[in-house]
Amino acid sequence: MELDLSPRLPKKVYGGDGGSYFAWCPEELPMLRDGNIGAAKLALEKYGLALPRYSDSPKVAYVLQGAGTAGIVLPEKEEKVIAIKKGDSIALPFGVVTWWFNNEDTELVVLFLGETHKGHKAGQFTDFYLTGSNGIFTGFSTEFVGRAWDLDETTVKKLVGSQTGNGIVKVDASLKMPEPKKGDREGFVLNCLEAPLDVDIKDGGRVVVLNTKNLPLVGEVGFGADLVRIDGHSMCSPGFSCDSALQVTYIVGGSGRVQIVGADGKRVLETHVKAGALFIVPRFFVVSKIADSDGLSWFSIVTTPDPIFTHLAGRTSVWKALSPEVLQAAFKVDPEVEKAFRSKRTSDAIFFPPSN
């Protein structure tokens, strides 16, 4: 059976006046199930609150749009109340309880990418809600809830039955929500639009990599992430992950062309992508991208905390390491053609600006 690597948009799972929750479905994007990857998106309207929850999977959250507040509680730790804004990345290990709130006019949109190896369902996240119509309290009898928290039956019924919303609710504008605390962002959030660049190629592209140095919780999550932005008509060099990692890519902005080549030299994907689409590059497959005039940016996770990539163009490409005679024989070309091939790209760049 042939792989279907076509980029996909998410489907709405639930929502209401406060906002909506979307997820990519393994039935439509089989590579999610095959690679044990989950992908979802939260969109909150003004005064929208994503009720407290925890998940069966570690994730990285990336703020695509807007600004708001996030509450994060690590196991046996105090709550961190964090101001979040566009470009923020947040590592969410196992056992973390979170809530998300938008008090701005602009919609707050947060992307979640993560692994589902230990999840209940391969290729999708399962969230466990602490409150609401499907919260954990609703599953226990009033006797159990009352005894656990030393409450009378009347209070238990009010506590469990008052919130009829499911997952996302809209709170009254008069309710004063917690204010972000100064210093709580430190160690929890990295803004990829403001962080020092790991790669910066003039007129080509820029990369910010999430790692244990700039975001320590990445080590607990167990996989890496990056934000890549390439300029108009620039190219991202063909390359592959040489450590058996999957690349899960969400198009943040702009548009462009993508080609993926797999085993037997077969092109398995040639497509045009734009903001909102998600696709997965299988292990060892080679991928390259060329931006349209408006540029192209994407946020990716790679299913290993310390990914190793091999690029097939530029000074450090594998071609430069191979002997000229081997290349002549392998390509079956004369020395002049081999020399031209070897000498054309002499920079370390992984992004190539358009030719003049």
* Structure fact -> For Gly232, the residues 5 or more places away or on another chain with a placed amide H closer than 5 Å to its own amide H are Gly295
* Compute the relative contact order of the range 142-255 as a whole-number percentage, counting only Cα pairs closer than 8 Å that sit 6 or more residues apart in sequence. => 15
* Asked: Suppose every K and R has +1 on its Cβ and every D and E has -1 on its Cβ; what is the size of the dipole of the range 1-129 about the Cα centre, in Debye to the nearest 20?
  -> 100
* To do: Could you state how much accessible area Ile350 has, in square angstrom rounded to the nearest 10, with a 1.4 Å probe and all protein chains kept in place?
  => 40
* Of Asp264, Asp231, Asp88, Asp294, which has the most accessible area with a 1.4 Å probe, and how do the rest follow in descending order? -> Asp264, Asp294, Asp231, Asp88
* To do: Determine ³J(HN,Hα), in whole Hz, for all residues of the range 162-170 in sequence, where each value follows from phi through the Karplus function 6.51 cos²θ - 1.76 cosθ + 1.60 and θ = phi - 60°; x replaces Gly and Pro.
  => 6, 8, 9, x, 10, x, 10, 10, 10
* Asked: Using a probe of 1.4 angstrom, how much of the accessible area of the chain is carbon and sulfur, in percent?
  -> 52
* Structure fact -> Square roots of five times the C-alpha gyration tensor eigenvalues of the range 15-76, ordered largest first and given in whole Å, equal 23, 17, 11
* Where Ser297, Ser6 fall by accessible area, highest first, once all protein chains stay in place (1.4 Å) -> Ser6, Ser297
* **the range 31-132, relative contact order in percent, only Cα pairs under 8 angstrom and at least six apart counted** => 47
* Segment Glu143-Glu28, length gained on full extension (0.36 nm per residue, minus Cα span) -> 37.1 nm
* Amide hydrogen neighbours beyond the local backbone of Phe351, cut-off 5 Å, H modeled -> Ser237
* May I ask you to evaluate 6.51 cos²θ - 1.76 cosθ + 1.60, the Karplus curve with θ = phi - 60°, for each residue of the range 214-220 and list the ³J(HN,Hα) values in order in whole Hz, giving x for glycine and proline? => 9, 8, x, 5, 4, x, 7
* To do: Taking the Cα centre of the chain as origin, sum charge times position over the Cβ atoms of Lys and Arg (+1) and Asp and Glu (-1), and report the length of that vector in debye to the nearest 20.
  => 440
* Positive end of the charge dipole of the range 69-222 (Lys, Arg +1 and Asp, Glu -1 on Cβ, about the Cα centre): tell me which of His120, Gly146, Ser162 has its Cα farthest that way. => His120
* **Three-way shape call for the range 8-145 based on the alpha-carbon gyration tensor, with the a/c threshold at 1.5** => rounded
* Asked: Hey, if you put +1 on the Cβ of every Lys and Arg and -1 on every Asp and Glu Cβ in the range 148-218, which of Ile201, Phe188, Pro216 ends up farthest toward the positive end of that dipole?
  -> Ile201
* To do: Go through (1) 55, 48, 41; (2) 52, 44, 38; (3) 88, 43, 33 and flag the label whose value is the computed Cα extents along the principal axes in Å for this structure.
  => (3)
* Positive end of the charge dipole of the chain (Lys, Arg +1 and Asp, Glu -1 on Cβ, about the Cα centre): tell me which of Pro324, Thr249, Pro10 has its Cα farthest that way. => Pro324
* Asked: How large is ³J(HN,Hα) for each residue in the range 40-47, as worked out from phi by the Karplus curve 6.51 cos²θ - 1.76 cosθ + 1.60 (θ = phi - 60°), to whole Hz, x for Gly and Pro?
  -> 8, 9, 10, 10, 10, 7, 4, 6
* Structure fact -> Taking Cα pairs closer than 8 Å and at least 6 residues apart, the relative contact order of the chain in percent is 16
* Computed helical MRE - 222 nm, the chain, DSSP H runs ≥ 4 contributing -39500 (n - 2.57), nearest 500 -> -3500 deg cm²/dmol
* Asked: Ordering Leu44, Leu64, Leu197 by how much accessible area each has at a 1.4 Å probe, largest first, what is the list?
  -> Leu197, Leu64, Leu44
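The values are calculated or read from the model by the stated rules, or taken from the named source; none is laboratory data. All figures in this text were calculated on a predicted structure; none of them were measured in a lab. Glycine also receives a Cβ, built like all others from the backbone with ideal geometry; neighbour counts cover every protein chain displayed. Accessible surface areas use protein heavy atoms only, side chains included; no ligands, DNA or RNA. Shrake-Rupley method; radii C 1.70, N 1.55, O 1.52, S 1.80 Å.
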